[in-house]
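Colleague: First the structure, then my questions, so here it is.
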Amino acid sequence: MMPRILDVLPRPVAWVFTSGGGRAAAQVGMAEVLLEQDYRPDLLIGSSFGAINAAALADSQPGHTRLREGWHNLGELSIFSSPGTAAVRGLGPRGNKHVRQFHTLIADLLQADEKTPIPPDVTVVASNLADGSPHPIANGPLVPAVAAACTMPILLPPVQVGGEYLVDGGLSAAAPVRQAARVGAASIVLLDTGTSAVPEHEVLDMRWWQVAALSYNHQIRSQIGYALPAVAEKMPIAVISSDEGSILDFSDPDEQFHVGRRVAATALARDLRNQDLSQPGIHGVLARDRQH
Amino acid sequence: MQAPRIYVPPARSAAALSLGAALPITKLLPEPVHFVLAGGGSRGAVQWGLLQALSETDLRPDSMIGTSAGALSGVVVAEDPGSGMNRLAYIWAQLDTKFVIGDNWLASLTNARESALMENTAIKETLESVVGAHEFHELAVPFATVATDLATGLPHVMDSGPLIPALLASSAIPGLLPPVEVDGRLLVDGLASANLPAIPAVERGAGSIVVLDTGARSLGELGTSSRKVIARLAASLSAVQRRNQLTQAASEVPVILLPTPDNLGGTLDFGATMSAASETYSMTREFLLDLVRNERRKLTPGLYVRPGSRESDAISPDLLRPVTT
């Protein structure tokens with residue numbers, strides 16, 4: 001019997017799901033481990049592909065049993081199975097077919113139709129293309145909100161919601177902890193797949209476009225470094241974090257579920273033990289820091 | 001492939017350049033005063049206007065830190081605090097795309113299997129022609145420059161050893177110019193981690209910060225086509241990062257954000273640079289006069305800005321200190 005170390009987190013407890021593209025599938029494994037140990041969130045906040053997991057795990061959603069299957073279906077969409085081709089195609093006007101497929105798939109995964117409202121305990125975070133600010137959505141239809149939150153730029157065109165052009169939430173709030181604080185969280189469990197660090201040896205013989213893509217990714221993820229300490233001054237943040245796999249690799253969700261389960265089990269058994277989780281601060285280890 | 005040579009005027013004494021009584025600002029700022037110079041490619045020219053306005057005050061930096069184009073402006077003044085502003089005006093007036101990628105860009109193209117599309121020969125020659133010092137410790141004012149560690153994505157601050165590799169690393173536009181190895185790390189342009197390095201300045205012990213920004217790029221039309229989205233995203237990402245740097249620094253020390261024009265061109269658009277610089281000079285001169293009129297005591301932590309600037313909506317109101325006219 002594992003000691004119930006997360007029970008001391010002040011309520012309401014928010015589970016915060018970060019960005020991470022294909023790597024965000026690991027959050028499913030992390031959440032499963034928490035649910036199996038009878039931990040329950042009071043609030044769910046997700047940015048980018050973490051928004052899918054946040055929405056599916058809401059109390060009022062039947063989605064969480066379908067999450068594994070949903071991630072497999074995502075990986076089979078052509079935009080995610082060959083993102084290079086999709087990016088080139090995205091420059092032309094033919095993106096709409098993919099948008100429809102993507103929306104259908106999210107609706108299917110969440111067992112929602114176009115009118116199903118966002119559950120009261122869920123906030124999904126997109127980015128406002130006009131000024132680059134985070135755009136949290138807690139009201140209105142669920143499917144377009146989740147789709148907007150995971151609108152990876154270039155692969156998918158911006159989504160128009162309420163007169164705003166919205167894109168991927170990871171661009172402005174890769175780890176939406178500020179948004180969790182704003183909707184009333186008193187503590188946070190961070191299910192993090194958002195680091196952009198890669199092993200030293202990988203950068204040595206990169207091609208020019210890989211250098212450009214990785215740097216762009218760094219620029220996006222650098223925000224986590226600002227948001228986390230600021231919120232951790234006010235409340236405890238328990239970190240479960242993985243950086244295995246690649247953001248643009250949606251091909252093997254089973255491997256990611258497995259990684260997520262392993263990382264969560266280790267965090268609960270080791271990194272989060274012997275820390276006073278009732279007190280403000282960053283508890284546990286971010287994958288970015290573990291590597292270096 | 002070769003960059004044309006830049007004419008750099010000789011150093012002159014500060015006294016020869018001073019214009020009447022200097023504006024008394026030093027007494028307002030807790031020491032040490034750090035100048036923070038943001039990157040922005042060709043828009044770095046506006047920093048000449050900012051530095052010119054600052055040179056008419058009694059303020060002298062105790063330390064300077066710059067990223068990318070801000071590192072170029074910064075190093076010229078750190079080497080020659082007396083007449084560096086004058087030299088910068090000459091340098092920015094002559095700078096052109098060919099100083100970054102050479103006068104025959106086709107010849108500078110690498111094959112596409114390399115870590116960058118261009119070689120950095122041209123920009124290296126340009127840097128060598130404007131910087132006389134070889135090592136950081138030779139500079140008159142302590143100076144640091146910021147690049148991004150390509151593996152970790154974290155800012156990498158350099159303040160000792162050879163200058164040129166550090167400056168090249170700070171300006172290594174990812175994909176276009178090759179990453180540079182310094183301190184055993186592979187580095188790219190500081191824009192990816194700290195384009196406006198205010199937090200690194202606080203970490204280096206700044207008592208107050210004067211920010212020399214590079215102005216805002218005009219954002220262009222909103223739309224769903226990839227081309228419009230890419231332009232917006234680049235601007236948005238740097239705006240978010242900039243806001244974070246300013247917010248975090250301003251919660252710890254007074255941060256003076258000198259005003260810069262909106263609606264400037266892109267980062268390799270050297271066309272209108274000098275007119276932007278002179279507009280910046282007048283804006284900043286007015287702003288500094290207002291600051292001296294309004295403030296009597298040492299400034300407390302917060303972001304001191306011109307009212308109505310683009311920070312007004314984006315930064316938490318309890319940190320904003322509008323400098324009214």
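Colleague: Could you count how many residues in the range B:2-51 are modelled with pLDDT under 65 and on the phi > 0 side of the Ramachandran plot?
Modeller: 1
Colleague: Quick check on my filter: what residues within the range A:224-243 are touching a helix residue (DSSP H, G or I) at 6+ places or on another chain (Cβ under 6 Å) and of a type outside the set (A, V, I, L, M, F, W, C)?
Modeller: A:Tyr226, A:Ser241, A:Ser242, A:Asp243 - these are the residues of the range A:224-243 that are touching a helix residue (DSSP H, G or I) at 6+ places or on another chain (Cβ under 6 Å) and of a type outside the set (A, V, I, L, M, F, W, C).
Colleague: Further, regarding this structure: Here are some conditions: (1) at pLDDT 85 or above; (2) in contact with a helix residue (DSSP H, G or I) (Cβ under 8 Å, 6 or more places away or on another chain); (3) within 8 Å of chain B (Cβ to nearest Cβ). A:Val198 meets all but one. Which one does it not meet?
Modeller: (1)
Colleague: Among the candidates A:Arg273, A:Arg207, A:Arg262, A:Arg221, which residue alone is basic (Lys, Arg), buried (at least 16 other Cβ atoms within 10 Å of the Cβ) and farther than 14 Å from A:Ser19 by Cα?
Modeller: Details: A:Arg273 fails: buried (at least 16 other Cβ atoms within 10 Å of the Cβ); A:Arg207 fails: buried (at least 16 other Cβ atoms within 10 Å of the Cβ); A:Arg221 fails: farther than 14 Å from A:Ser19 by Cα.
Of the residues listed, the single one that is basic (Lys, Arg), buried (at least 16 other Cβ atoms within 10 Å of the Cβ) and farther than 14 Å from A:Ser19 by Cα is A:Arg262.
Colleague: Filter the range B:154-182 for residues that are assigned to a loop (DSSP other than H, G, I, E, B) and open to solvent by less than 10 Å² (accessible area, probe 1.4 Å); which is nearest to the other protein chains (Cβ to nearest Cβ)?
Modeller: B:Gly175
Colleague: Has the range A:235-257 got at least one residue that is surrounded by fewer than 18 Cβ atoms within 10 Å (Cβ to Cβ) and assigned to a helix (DSSP H, G or I)?
Modeller: yes
Colleague: Now a separate question. Every residue in the range A:34-79 that is open to solvent by 10 Å² or more (accessible area, probe 1.4 Å) and part of a helix (DSSP H, G or I), please.
Modeller: First pass over the range A:34-79, keeping only residues open to solvent by 10 Å² or more (accessible area, probe 1.4 Å): A:35-43, A:57, A:59-62, A:64-66, A:68-69, A:72-73, A:75-78.
Of everything in the range A:34-79, those that are open to solvent by 10 Å² or more (accessible area, probe 1.4 Å) and part of a helix (DSSP H, G or I) turn out to be A:Leu35, A:Glu36, A:His64, A:Thr65, A:Arg66, A:Arg68, A:Glu69, A:His72, A:Asn73, A:Gly75, A:Glu76, A:Ser78.
Colleague: Could you say which residue among B:Ser282, B:Ser316, B:Ser278 is hydroxyl-bearing (Ser, Thr, Tyr) and either farther than 15 Å from B:Pro259 by Cβ or within 14 Å of chain A (Cβ to nearest Cβ) (or both)?
Modeller: Numbers: B:Ser282 fails: either farther than 15 Å from B:Pro259 by Cβ or within 14 Å of chain A (Cβ to nearest Cβ) (or both); B:Ser278 fails: either farther than 15 Å from B:Pro259 by Cβ or within 14 Å of chain A (Cβ to nearest Cβ) (or both).
It is B:Ser316.
Colleague: OK, next. Could you please find all residues in the range B:46-72 being assigned to a helix (DSSP H, G or I) and farther than 16 Å from B:Ile123 by Cβ?
Modeller: To start, the set of residues in the range B:46-72 that are assigned to a helix (DSSP H, G or I) comprises B:46-55, B:69-72.
B:Val46, B:Gln47, B:Trp48, B:Gly49, B:Leu50, B:Leu51, B:Gln52, B:Ala53, B:Leu54, B:Ser55, listed by residue number.
Colleague: Let me spell it out: the conditions are (1) touching a helix residue (DSSP H, G or I) at 6+ places or on another chain (Cβ under 8 Å); (2) closer than 16 Å to B:Pro178 by Cα; (3) modelled with pLDDT of 85 or more; (4) acidic (Asp, Glu), and B:Glu125 meets all of them except one. Which number is the exception?
Modeller: The number of the failed condition is (1).
Colleague: Output the residue which, of all residues in the range B:186-205 that are in contact (Cβ under 8 Å) with a residue 40 or more places away in the chain, of a type in the set (A, V, I, L, M, F, W, C) and open to solvent by 10 Å² or more (accessible area, probe 1.4 Å), is nearest to B:Thr152 (Cα to Cα).
Modeller: B:Leu191
The values are calculated or read from the model by the stated rules, or taken from the named source; none is laboratory data. What you see is a predicted model, and the numbers here were worked out from it, not measured in a lab. Neighbour counts run over all protein chains shown; Cβ positions are idealised from the backbone, glycine included. The protein model used for the area step is the full one, side chains on, heavy atoms only, and it has no ligands, DNA or RNA in it. Shrake-Rupley method; radii C 1.70, N 1.55, O 1.52, S 1.80 Å.
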